[in-house]
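Read the structure below first, then the notes.
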Amino acid sequence: MTKRTSAKYKIDRRMGENIWGRPKSPVNRREYGPGQHGQRRKGKLSDFGIQLRAKQKLKGYYGDLTEKQFRRIYAEAERVKGDTGENLIGLLERRLDAIVYRAKFVPTVFAARQFVNHKHVRVNGKIVNIPSYRVKEGDVIEVRDRSKQMAALIEATQLPERDVPDYIEADHSKMSAKFVRTPALGDVPYPVMMEPNLVVEFYAKN
């Protein structure tokens, strides 16, 4: 089990937003932060605070990556030609765990990481158990045969609250998906507004 699974709802409450769009998020009932002083924390954020929150929200959305992992992805986004914020989103969406989640093979991003770790996933016919594995355009991701009848898997494909985005072609009858293209920010179905431009500003100053 990933180290932060038990705290995933705290991320929602810390941000004050239902960042995965889940019906059970505590933010649907309480908009204040976690902890005994959560209700008193609604101060006006500084520019630094706004940028930090944008970074924490994006980092949290992908399974609460460590700062080291996230900074490494950011550094790569900066090196590639084009808009750094858009590049950052593209790199995050090419993670294997993100694609397993987007294809609706699992209910949450945290479950996607565990699913990949436990060797339930093949990429182009080979088992890959590294959640951060970078998928390329045209790659085929499939659930291995032994795992196709898992109840959680079948349940996830029927979740009504999210759809498979058009940069992934998913076939739930075969439990396979093809990564068609790297998405831009506007293509990614985030339930809340993500602001990678503020993440770029944050790292530019810190």
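The values are calculated or read from the model by the stated rules, or taken from the named source; none is laboratory data. On a predicted model such as this, the values are computed, not experimentally measured, just so you know. Don't worry about glycine lacking a Cβ; one is built from the backbone with ideal geometry, like all the others, and counts go over all protein chains shown. Side chains included, ligands, DNA and RNA excluded: accessible areas come from the protein's heavy atoms. Shrake-Rupley method; radii C 1.70, N 1.55, O 1.52, S 1.80 Å.
Observations on the structure shown:
- Whichever residue in the range 55-96 is modelled with pLDDT of 95 or more and among the small types (G, A, S) and, among such residues, is surrounded by the fewest Cβ atoms within 10 Å (Cβ to Cβ): G82
- So A98, is it of a type in the set (A, V, I, L, M), closer than 14 Å to T182 by Cβ and touching a helix residue (DSSP H, G or I) at 6+ places or on another chain (Cβ under 7 Å): yes
- For the range 58-105, a residue qualifies if it is more than 18 Å from Y167 (Cα to Cα), over 10 Å from the mean Cα position of the chain (by Cα) and either among the aromatic types (F, W, Y) or not in a helix (DSSP H, G or I) (or both), and the qualifying residues are T66, F70, Y74, V80, K81, G82, D83.
- Selection within the range 166-203: residues that are among the small types (G, A, S) and free of Cβ contacts under 8 Å to residues at least 60 places away in the same chain. The member of this set that is nearest to G49 (Cα to Cα) is G186.
- Residues of the range 111-147 that are out of contact with any Phe, Trp or Tyr (no Cβ under 6 Å at 6 or more places or on another chain), crowded, with 21+ Cβ neighbours inside 10 Å and part of a helix (DSSP H, G or I): A111, R113, F115, V116.
- When the residues of the range 21-54 are filtered to those that are of a type outside the set (G, A, S) and at pLDDT 90 or above, the one that is least open to solvent (accessible area, probe 1.4 Å) is Q51.
- Yes/no for I154 being in contact with a helix residue (DSSP H, G or I) (Cβ under 8 Å, 6 or more places away or on another chain) and open to solvent by 50 Å² or more (accessible area, probe 1.4 Å): no
- Any chance D163 is open to solvent by 80 Å² or more (accessible area, probe 1.4 Å) and either touching a residue at least 12 places away in the same chain (Cβ under 8 Å) or among the polar types (S, T, N, Q) (or both): yes
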